[in-house]
Every structure is written in structure tokens, then in C-alpha cells.
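Before any comments, here is the structure.
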Amino acid sequence: MRYALLSDVHGNLPALDAVLCDIRSRHGDLQTTYHLGDLVGYSPWPNEVVDTLRDAKIFGVAGNYDSTVATDYKHCGCRSESPQQEALAHISYAWTRAHVSATTKAALGALPFRIDLRAFGGHVAAPTVVLVHATPTNNLVYVTEDRSDAFLLKMAQQASLKSGDVLCFGHTHKPWHRVVEGIHFVNTGSVGRPKDGDARACYAVLEMTAAGATVDFVRVPYDVERAARAVIDVGLPHEFADFLRTGGAVSPATATATAPAAQS
Ligand SMILES: [Fe+2]
């Protein structure tokens, strides 16, 4: 079974459209495509992104942005490392809350925290693929590639994972794949707001076979300039446009935090 996994679209419709088109061209359909949350925030198409995923019957889990918008929480849950970052985060959050429709808000609130997949069914012992936004217990924690083996194994323990199983998440907007004690940890990167210096949209293809799991990261060019111009046209900060143009390779003062945070 082959799964396409998308995370952190963040209101970027041109990037999402390009990724869905790429998946259809490679795999023929979207039947085993899932999202890992953070559908809204930072870019100007929150409602259109949610509608597109609903129409394509792509299900997924709640990111921090989705659950905070849905519950009218006081903060988006994005960690900032400077007052300037914090001010920008507030602008994005306020804009998004003011522009999501009641339908979108309800859809975000209905997203589950976690989805378990069994490529070979549940009637026999088989690898489990667990989808979350950040960790199995909290959708705010940044799980970066440099986390210790012990940290990753603690996450696996929290999700009752064993060797051969796969834990998939996003949230940091940087794709990576590690295997610790036979358990796969897969950060699928970001469709609509990459932070690894590559402006192209990113998603992951996870293949589950009898031999085990394999992971490929796919980068998809899209009309970045259309998205960047739209950010500015709706009155969102120009820093968000520059972020899209550079794949997050902007000055540290304006980049959104990706450093490790303490796990709850
Ligand atoms: Fe995100």
C-alpha cells in the first residue's frame, strides 16, 4: 500500500493544487492520501484549502493551527523566538480567525487528533502507521531531525509502536526520515510553507510492503509568486510573502521557530 502524506498547507491553495495534481499524475487517484494538519494560517486561502480537501475526500488530523482556530484559543500555538516573530504570528492568527467561515471552523474542529492505518488489515499482526501533527500526545511540540533516539523512542512508546511501525508527523516544515530500533519516524515536510530553503511544495510518499516501509519526499514546483502576491494583496505582512519565495530562508528575526521544545 502506498500513502501520500501532506502536512502544513497553511492556506496556500496554489501549492495544494500543485501537490494534488502531482499525486494524481503519479498514482492515478487520491484514495490513500491523508493530511497531517495545519490547513490554515499565514496564507490567504483557508476556506478554499479546507473545501478542496473535503471535495477530494482527503481526511487527516488536527494541527495546532486548526485546533486553536476552531476553539477560539488565545494563540495559534506557533512558538516564536523574538518579539518580531511573535507580532507576525499574532497578525496571521488574527487575520485567519477573521476570515475563516463558520463551515471551515466547524471542519477544523471536527479533525481527529490521530489516525491509525493498517496497510495489511487488522486481522493479523501487521505494521501500524500512525498519523499525528507533532507528537502522539501534543500537537505543539517541534520534533526536529536532531532529536535524540531516546526522545523519539519515548514518542513511540506513547503511541504503543513496535519495530516495523511508522510514526508520521509534520509541524516543523522540514522533511526527514529516521529509523530507531526498527521504528520509522517520518516528518513529511510542508506543502504550503516549507522552511528548509526550498520554496517548492513538499509531501511524502510512504510505501508499506511485506519487506517494510520506504519513504520518498517529493518536491513540487508551483506558482510561488501568485501566492506571495496574494499574501500582500490581502494585507498580510510582506515577510510571509518573502518566506514563501525563499522557502523559509529569511532572516532569523522573521523566521518562525523550529528549534526543539520540551516535550509535554
Ligand atoms: Fe505548521
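None of the figures in this text is laboratory data; all of them are computed from the coordinates on show. Since this is a predicted model, take the numbers as computed values, not measurements. For neighbour counting, all protein chains shown are included, and Cβ atoms are generated from backbone atoms with ideal geometry for every residue, glycine included.
Using 0.36 nm per residue of separation minus the Cα-Cα distance, give me the extension gain between Phe120 and Asp233 in nm, one decimal.
Length difference between fully extended and current span is 35.9 nm.
Once the piece of chain linking Glu225 and Asp149 is laid out straight, how much longer is it, given 0.36 nm per residue of separation minus the C-alpha distance between them?
Extending this stretch completely gives an extra 23.4 nm.
Restricting to bridges with both residues inside the chain, how much of the DSSP beta-bridge set is antiparallel, in percent to the nearest 5?
65
What does the charge count around Phe240 come to, taking other residues whose C-beta lies under 15 Å from its C-beta (Lys +1, Arg +1, Asp -1, Glu -1)?
Net of charged neighbours comes to -2.
What distance in nm lies between label points placed 7 Å from Cα along the C-beta direction at Ser101 and Gln157?
4.6
Compute the Cα gyration tensor for the chain, then decide on rounded, prolate or oblate, letting a ≥ b ≥ c be the square roots of its eigenvalues: rounded whenever a/c is under 1.5, prolate when a/b is larger than b/c in the other cases, and oblate in all that remain.
Note, shape of the chain comes out prolate.
Which shape class applies to segment 172-223: rounded if a/c is under 1.5, otherwise prolate when a/b exceeds b/c and oblate if not, where a ≥ b ≥ c are the square roots of the Cα gyration tensor eigenvalues?
Here segment 172-223 falls in the oblate category.
Once you sort the root eigenvalues of the Cα gyration tensor of segment 128-179 as a ≥ b ≥ c, which label holds: rounded (a/c under 1.5), prolate (a/b larger than b/c) or oblate (the other case)?
rounded
Hey, can you grab everything whose amide H is under 5 Å from the amide H of Thr33? Only 5+ residues off in sequence or another chain; H modelled, so Pro and N-termini drop out.
Ala4
Within segment 2-246, count lysine pairs with alpha carbon atoms under 27 angstrom apart where the residues are 8 or more positions apart or belong to different chains.
12
Could you let me know the centre-to-centre spacing of segment 146-164 and segment 182-242, using Cα atoms, in angstrom?
Segment 146-164 and segment 182-242 have Cα centres spaced 24 Å from each other.
How much net charge surrounds Arg26 when only other residues with a Cβ under 14 Å from its Cβ are counted (Lys, Arg +1; Asp, Glu -1)?
-1
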